Amino acid sequence: LAWAGDFFPRHEATVLDTRPIDHPGHRTIDAAAGIPFPDRHFPIVVSLDVLEHVPEAQRSAWLEEAWRVTGDLFLLGVPFVSPEVVQADQNLRELIARDYAYDHTFLAEHLDLGHPCLATTEEFFREQGASVTVLPSGYLPVWEMAQVISARWSHPGQGLEWLASNREIN
């Protein structure tokens with residue numbers, strides 16, 4: 001799998017996750033204990049596909065903690081709520097359950113916890129004094145097709161064919 005260091009090979013990248021991952025560039029943390037770095041420690045903080053896995057009641061606290069360790073730039077990639085995004089996650093979850101007989105944990109969290117609201121997230125950062133710019137990312141029909149292909153190659157019981165599939169899709 002790609003990790004942040006693959007995209008920035010000349011820079012040191014620290015990757016934090018609450019799940020243990022067998023990769024030397026990752027550190028496992030206890031989210032309840034906060035991020036174990038001082039204020040403004042990182043010039044750039046990138047959070048991709050995280051906020052939608054945080055319970056809604058804890059999202060502001062999570063954003064505050066991520067913002068606390070950000071020096072200059074915070075990049076946040078999230079599938080924000082819209083009827084189309086919710087439907088896409090429901091469709092993919094149902095396809096995986098039907099065709100591969102398991103419930104996809106990440107999709108279940110998206111749907112059970114609810115997708116974050118863009119306006120609320122923007123408001124949070126503006127209240128922190130941040131300059132906020134929203135850049136659309138991805139095209140939902142292409143994402144859906146890529147996920148169906150990925151599901152075909154990455155469900156439990158499959159080999160590592162999904163690595164090549166994801167490489168081609170990306």
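Determine whether residue 37 is without any contact (Cβ under 8 Å) to a residue 60 or more places away in the chain, surrounded by 12 or more Cβ atoms within 10 Å (Cβ to Cβ), under 21 Å from residue 120 (Cβ atoms) and not aliphatic (A, V, I, L, M). Judged against the criteria, residue 37 is not a match.
Do we find that residue 150 is among the hydroxyl-bearing types (Ser, Thr, Tyr) and touching a helix residue (DSSP H, G or I) at 6+ places or on another chain (Cβ under 8 Å) in this structure?
Working: among the hydroxyl-bearing types (Ser, Thr, Tyr): yes; touching a helix residue (DSSP H, G or I) at 6+ places or on another chain (Cβ under 8 Å): yes.
Yes, satisfied.
Among the residues making up the range 11-38, those that are more than 22 Å from residue 60 (Cβ to Cβ) and not in a strand (DSSP E or B) are 11, 12, 13, 14, 19, 20, 21, 22, 23, 24, 25.
In the set 45, 85, only one residue is at pLDDT 90 or above and more than 24 Å from residue 150 (Cα to Cα); that residue is 45.
For the range 40-57, which residues satisfy the criterion of being outside any helix (DSSP H, G or I), open to solvent by 70 Å² or more (accessible area, probe 1.4 Å) and closer than 17 Å to residue 122 by Cα?
From the range 40-57, those outside any helix (DSSP H, G or I) are 40-50, 54-55; that's our starting set.
Filter once more, so that each one left must be open to solvent by 70 Å² or more (accessible area, probe 1.4 Å): 40-41, 43-44, 46, 48-49.
Once the filter is applied, which keeps residues that are outside any helix (DSSP H, G or I), open to solvent by 70 Å² or more (accessible area, probe 1.4 Å) and closer than 17 Å to residue 122 by Cα, the range 40-57 yields 46, 48, 49.
The values are calculated or read from the model by the stated rules, or taken from the named source; none is laboratory data. Quick caveat, the model's predicted, so the values are computed rather than measured. Here Cβ is always computed from backbone atoms with ideal geometry, including for glycine, and neighbour counts include all displayed protein chains. Keep in mind that these areas ignore ligands, DNA and RNA; they rest on the heavy atoms of the full protein, side chains included. Shrake-Rupley method; radii C 1.70, N 1.55, O 1.52, S 1.80 Å.
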